[in-house]
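As structure tokens, the structure follows; a few thoughts come after it.
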């Protein structure tokens, strides 16, 4: 009986100790796990080739991000190519498989909600200098393991949640709340299969994404990644 009580008390103490980590300790562990502050701040561009599995379809995609300039996503659905672009000043898309016959502007509200993605280092790096606020909001189970939940309020007023593995420091889940098609919704991403790139960054090579009101679970698997390669800014211009 005494041993059982001792083990239970020890387990509880360890759990409380993990939870008692300060916000900055959790943030710093996360930043270190992903490659370190210096390396994350040195990100200039990222190009990711991936395959999206959705409702029995395999959708090839390429995302090109130029730090604080723009993000361009190209994907092919049943042989037809679509494009979406977000920059610091505007956003546009061209999706023929959705009935579009020419590129169209993305509503300003939706553009604003996506512009935080232009910061390749991420909202946790130098978060206070960026005007972001973070609070520890408990812990939840993600993929069968406890994760510490950080509630972020970005400088533009938008909100998102980060879930950090207290052991590895990896980001294991994010939840972004945004306005989509005139309605409030969420984009949930579970990050899996972290690997070290040749450049010394740690990237999740699998991501499970669910969008409120969307088509269901999307499984995104990275097939190739290029970091800090030259990017022609003209690719973000609306035709």
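Inspect region 174-182 for any residue being surrounded by 15 or more Cβ atoms within 10 Å (Cβ to Cβ), at pLDDT 95 or above and under 19 Å from residue 147 (Cα atoms) and give the result as yes or no. Taking every residue of region 174-182 in turn, at least one turns out to be surrounded by 15 or more Cβ atoms within 10 Å (Cβ to Cβ), at pLDDT 95 or above and under 19 Å from residue 147 (Cα atoms).
Based on this model, can you work out whether residue 205 counts as within 17 Å of the chain's Cα centre (by Cα) and touching a residue at least 60 places away in the same chain (Cβ under 8 Å)? So residue 205 does not fit the description; no. Yes or no: residue 18 assigned to a helix (DSSP H, G or I), surrounded by 14 or more Cβ atoms within 10 Å (Cβ to Cβ), out of contact with any strand residue (DSSP E or B) (no Cβ under 6 Å at 6 or more places or on another chain) and modelled with pLDDT under 90? Answer is yes for this residue.
Residues in region 86-125 that are within 17 Å of residue 159 (Cα to Cα) and either over 17 Å from the mean Cα position of the chain (by Cα) or modelled with pLDDT of 95 or more (or both) were compared, and the one that is surrounded by the fewest Cβ atoms within 10 Å (Cβ to Cβ) is 109.
Among what's in region 41-68 and is in contact (Cβ under 8 Å) with a residue 60 or more places away in the chain and surrounded by 19 or more Cβ atoms within 10 Å (Cβ to Cβ), pick the residue that is farthest from residue 228 (Cα to Cα). It comes out as 50.
Quickly run through region 144-157 and pick out the residues that are free of Cβ contacts under 8 Å to residues at least 60 places away in the same chain and touching a helix residue (DSSP H, G or I) at 6+ places or on another chain (Cβ under 6 Å). Spell out how you get there, then give the answer.
Filtering region 144-157 down to residues free of Cβ contacts under 8 Å to residues at least 60 places away in the same chain leaves 144-145, 147, 149, 151-157.
Answer for region 144-157, where residues must be free of Cβ contacts under 8 Å to residues at least 60 places away in the same chain and touching a helix residue (DSSP H, G or I) at 6+ places or on another chain (Cβ under 6 Å): just 154.
Screening the candidates 77, 141 for the property of being free of Cβ contacts under 8 Å to residues at least 24 places away in the same chain, farther than 23 Å from residue 31 by Cβ, in contact with a strand residue (DSSP E or B) (Cβ under 9 Å, 6 or more places away or on another chain) and loosely packed, with under 13 Cβ neighbours inside 10 Å yields one hit, 141. Quick check: anything in region 158-174 in contact with a strand residue (DSSP E or B) (Cβ under 9 Å, 6 or more places away or on another chain), part of a strand (DSSP E or B), in contact (Cβ under 8 Å) with a residue 24 or more places away in the chain and farther than 17 Å from residue 204 by Cα? The answer is yes; a qualifying residue exists.
The values are calculated or read from the model by the stated rules, or taken from the named source; none is laboratory data. Because the structure is a prediction, the values reported are computed rather than measured. Heads up, the Cβs are rebuilt from the backbone with ideal geometry, glycines too, and the neighbour counts pull from every protein chain shown.
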